[in-house]
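S.K.: Dumping the structure here so I can ask a few things about it.
The values are calculated or read from the model by the stated rules, or taken from the named source; none is laboratory data. Just so it is clear, the structure is predicted and the values come from calculations on it, not from any experiment. With ideal geometry, Cβ positions are generated from the backbone for all residues, glycine too; neighbour counts draw on all protein chains shown. Note: areas computed on protein heavy atoms with side chains; ligands, DNA, RNA excluded. Shrake-Rupley method; radii C 1.70, N 1.55, O 1.52, S 1.80 Å.
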Amino acid sequence: MEHDNGSGIQEELDRILLEEIGRTSSPQLIEHALRPHNVGALEDPDGEATVSGLCEDTVRIQLRLEGSKVSEIAFMTNGCAATVACASMATELAKGKTIQEALRIDGHKIREALGGLPREHTHCADLAANTLRQALLDALEKKRDPWKKLYRSKGRI
Ligand code: FES
(Lines give C-alpha, C1' and ligand atoms only; values in the text may rest on other atoms or scores of the structure.)
Protein backbone atom coordinates (compact mmCIF):
# COMPACT_ATOMS: atom_id res chain seq x y z
CA MET A 1 0.00 0.00 0.00
CA GLU A 2 1.29 3.46 -0.90
CA HIS A 3 1.52 6.20 1.72
CA ASP A 4 1.32 9.85 0.80
CA ASN A 5 3.89 11.74 2.89
CA GLY A 6 1.94 14.95 2.40
CA SER A 7 3.92 16.27 -0.56
CA GLY A 8 1.24 15.07 -3.02
CA ILE A 9 -1.44 16.97 -1.10
CA GLN A 10 0.80 20.04 -0.94
CA GLU A 11 1.39 19.91 -4.70
CA GLU A 12 -2.33 19.64 -5.31
CA LEU A 13 -3.02 22.59 -3.01
CA ASP A 14 -0.33 24.66 -4.75
CA ARG A 15 -1.86 23.77 -8.12
CA ILE A 16 -5.34 24.90 -7.00
CA LEU A 17 -3.97 28.16 -5.57
CA LEU A 18 -2.03 28.90 -8.75
CA GLU A 19 -5.16 28.28 -10.83
CA GLU A 20 -6.99 30.79 -8.67
CA ILE A 21 -4.52 33.67 -8.94
CA GLY A 22 -3.31 32.83 -12.41
CA ARG A 23 -0.03 31.26 -13.38
CA THR A 24 1.19 34.50 -14.92
CA SER A 25 1.10 36.29 -11.56
CA SER A 26 4.23 38.01 -10.25
CA PRO A 27 6.76 35.95 -8.24
CA GLN A 28 5.90 38.00 -5.12
CA LEU A 29 2.19 37.19 -5.43
CA ILE A 30 2.84 33.50 -5.95
CA GLU A 31 5.29 33.42 -3.04
CA HIS A 32 2.86 35.09 -0.60
CA ALA A 33 -0.08 32.97 -1.78
CA LEU A 34 1.77 29.67 -1.48
CA ARG A 35 3.92 30.48 1.56
CA PRO A 36 2.12 33.24 3.46
CA HIS A 37 3.95 35.06 6.24
CA ASN A 38 2.56 35.76 9.72
CA VAL A 39 -0.31 33.26 9.63
CA GLY A 40 -1.78 32.50 13.02
CA ALA A 41 -3.18 34.03 16.15
CA LEU A 42 -1.78 36.16 18.98
CA GLU A 43 -2.86 35.71 22.53
CA ASP A 44 -4.03 38.90 24.20
CA PRO A 45 -3.19 41.22 21.27
CA ASP A 46 -2.98 45.00 21.71
CA GLY A 47 -5.17 45.51 18.65
CA GLU A 48 -7.32 43.29 16.48
CA ALA A 49 -10.00 43.43 13.83
CA THR A 50 -12.08 41.01 11.82
CA VAL A 51 -13.49 42.45 8.62
CA SER A 52 -15.62 40.92 5.87
CA GLY A 53 -15.62 42.20 2.30
CA LEU A 54 -18.55 42.47 -0.09
CA CYS A 55 -17.65 39.00 -1.38
CA GLU A 56 -18.14 37.80 2.23
CA ASP A 57 -14.53 36.70 2.63
CA THR A 58 -13.17 37.56 6.05
CA VAL A 59 -9.73 38.59 7.30
CA ARG A 60 -8.66 38.82 10.93
CA ILE A 61 -5.51 40.72 11.91
CA GLN A 62 -4.07 40.86 15.42
CA LEU A 63 -1.05 42.86 16.49
CA ARG A 64 1.16 43.65 19.42
CA LEU A 65 2.93 46.95 20.03
CA GLU A 66 6.26 47.81 21.51
CA GLY A 67 6.01 51.49 22.31
CA SER A 68 4.23 52.84 19.27
CA LYS A 69 5.69 50.26 16.84
CA VAL A 70 4.08 47.08 15.56
CA SER A 71 6.31 44.36 17.03
CA GLU A 72 4.20 41.27 16.24
CA ILE A 73 1.37 40.73 13.82
CA ALA A 74 -0.65 37.76 12.63
CA PHE A 75 -3.56 37.08 10.30
CA MET A 76 -6.13 34.43 9.46
CA THR A 77 -8.54 34.38 6.55
CA ASN A 78 -11.14 32.17 4.93
CA GLY A 79 -10.65 34.08 1.68
CA CYS A 80 -9.22 33.34 -1.73
CA ALA A 81 -5.55 32.82 -2.60
CA ALA A 82 -5.18 36.51 -3.48
CA THR A 83 -6.56 37.48 -0.07
CA VAL A 84 -4.05 35.18 1.60
CA ALA A 85 -1.25 36.90 -0.34
CA CYS A 86 -2.63 40.40 0.40
CA ALA A 87 -3.03 39.77 4.13
CA SER A 88 0.45 38.25 4.21
CA MET A 89 1.92 41.32 2.48
CA ALA A 90 -0.11 43.74 4.63
CA THR A 91 1.32 42.18 7.80
CA GLU A 92 4.85 42.21 6.37
CA LEU A 93 4.56 45.89 5.42
CA ALA A 94 3.21 46.80 8.88
CA LYS A 95 5.82 44.93 10.92
CA GLY A 96 8.28 47.29 12.63
CA LYS A 97 6.35 50.40 11.54
CA THR A 98 4.84 52.97 13.91
CA ILE A 99 1.06 53.02 14.08
CA GLN A 100 1.01 56.25 12.10
CA GLU A 101 3.25 54.80 9.37
CA ALA A 102 1.26 51.57 9.20
CA LEU A 103 -1.98 53.53 8.85
CA ARG A 104 -0.67 54.74 5.48
CA ILE A 105 -0.65 51.17 4.07
CA ASP A 106 -3.55 51.02 1.66
CA GLY A 107 -4.76 48.61 -1.00
CA HIS A 108 -2.64 50.36 -3.63
CA LYS A 109 0.57 49.84 -1.60
CA ILE A 110 -0.27 46.16 -1.06
CA ARG A 111 -0.98 45.60 -4.78
CA GLU A 112 2.24 47.40 -5.67
CA ALA A 113 4.32 45.32 -3.22
CA LEU A 114 2.81 42.15 -4.69
CA GLY A 115 3.71 43.21 -8.22
CA GLY A 116 0.05 43.67 -9.14
CA LEU A 117 -3.11 41.58 -8.78
CA PRO A 118 -5.47 40.12 -11.35
CA ARG A 119 -8.23 42.69 -11.90
CA GLU A 120 -10.94 40.48 -10.37
CA HIS A 121 -8.91 40.35 -7.15
CA THR A 122 -8.26 44.09 -6.74
CA HIS A 123 -10.67 44.22 -3.80
CA CYS A 124 -8.72 41.53 -1.90
CA ALA A 125 -5.97 44.10 -1.24
CA ASP A 126 -8.54 46.62 -0.05
CA LEU A 127 -9.99 44.06 2.36
CA ALA A 128 -6.53 43.33 3.81
CA ALA A 129 -5.73 47.06 4.09
CA ASN A 130 -9.06 47.81 5.71
CA THR A 131 -8.59 45.03 8.26
CA LEU A 132 -5.08 46.27 9.07
CA ARG A 133 -6.41 49.79 9.51
CA GLN A 134 -9.18 48.66 11.88
CA ALA A 135 -6.70 46.61 13.94
CA LEU A 136 -4.38 49.64 14.20
CA LEU A 137 -7.26 51.91 15.22
CA ASP A 138 -8.29 49.33 17.81
CA ALA A 139 -4.71 49.35 19.19
CA LEU A 140 -4.73 53.15 19.29
CA GLU A 141 -8.03 53.18 21.14
CA LYS A 142 -6.84 50.64 23.69
CA LYS A 143 -3.58 52.57 24.14
CA ARG A 144 -5.62 55.66 24.92
CA ASP A 145 -8.14 53.84 27.14
CA PRO A 146 -6.29 50.76 28.52
CA TRP A 147 -9.36 49.53 30.40
CA LYS A 148 -10.93 48.68 27.02
CA LYS A 149 -8.37 45.93 26.47
CA LEU A 150 -9.34 44.24 29.72
CA TYR A 151 -13.00 44.66 29.06
CA ARG A 152 -12.91 43.36 25.47
CA SER A 153 -10.69 40.38 26.26
CA LYS A 154 -13.53 39.10 28.44
CA GLY A 155 -15.54 38.84 25.24
CA ARG A 156 -18.22 41.28 26.35
CA ILE A 157 -18.26 43.19 23.08
FE1 FES B 1 -13.11 38.22 -1.92
FE2 FES B 1 -10.57 37.72 -2.41
S3 FES B 1 -12.29 37.12 -3.60
S4 FES B 1 -11.42 38.90 -0.79
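S.K.: I'd like the full set of residues that are more than 14 Å from residue 134 (Cα to Cα) and touching a helix residue (DSSP H, G or I) at 6+ places or on another chain (Cβ under 9 Å), limited to the stretch 48-63.
M.R.: Listed by number, the residues that qualify are 54, 55, 57.
S.K.: Looking at the stretch 15-29, which of its residues are more than 17 Å from residue 128 (Cβ to Cβ) and either of a type in the set (A, V, I, L, M, F, W, C) or open to solvent by less than 30 Å² (accessible area, probe 1.4 Å) (or both)? Walk me through how you get there before you give the answer.
M.R.: Going through the stretch 15-29, the residues more than 17 Å from residue 128 (Cβ to Cβ) turn out to be 15-16, 18-19, 22-24, 27.
Those that are more than 17 Å from residue 128 (Cβ to Cβ) and either of a type in the set (A, V, I, L, M, F, W, C) or open to solvent by less than 30 Å² (accessible area, probe 1.4 Å) (or both): 16, 18, 22.
S.K.: Residues that are among the charged types (D, E, K, R) and either modelled with pLDDT of 95 or more or at positive phi (or both): does the stretch 114-125 have at least one? Outline the logic, then answer.
M.R.: Here is the first cut: in the stretch 114-125, the residues among the charged types (D, E, K, R) are 119-120.
Filter again for either modelled with pLDDT of 95 or more or at positive phi (or both), leaving none.
Looking for residues that are among the charged types (D, E, K, R) and either modelled with pLDDT of 95 or more or at positive phi (or both), one finds none in the stretch 114-125, hence no.
S.K.: State which residue pairs qualify: first residue over 10 Å from residue 121 (Cα atoms) and of a type in the set (S, T, N, Q) and inside the stretch 77-89, second residue part of a loop (DSSP other than H, G, I, E, B) and more than 10 Å from the ligand (Cβ to nearest atom) in any location, beta carbons under 6 Å apart, and separation of 6 or more residues or different chains.
M.R.: Matching pairs, first to second residue: 88/36; 88/37.
S.K.: Quick one: residue 135 ticks every box in (1) in contact with a strand residue (DSSP E or B) (Cβ under 6 Å, 6 or more places away or on another chain); (2) open to solvent by 50 Å² or more (accessible area, probe 1.4 Å) bar one, so which box is it?
M.R.: Going through the list (1) in contact with a strand residue (DSSP E or B) (Cβ under 6 Å, 6 or more places away or on another chain); (2) open to solvent by 50 Å² or more (accessible area, probe 1.4 Å), residue 135 breaks only (2).
S.K.: On to the next question. Filter the stretch 69-85 down to the residues that are in contact with a strand residue (DSSP E or B) (Cβ under 8 Å, 6 or more places away or on another chain) and open to solvent by less than 60 Å² (accessible area, probe 1.4 Å) and list them by number.
M.R.: Matches in the stretch 69-85: 70, 71, 73, 74, 75, 77, 79, 83, 84.
S.K.: Go through the stretch 30-60 and give me each residue that's surrounded by 16 or more Cβ atoms within 10 Å (Cβ to Cβ), in a strand (DSSP E or B) and more than 14 Å from the ligand (Cβ to nearest atom).
M.R.: Passing the criteria: 47, 48, 49.
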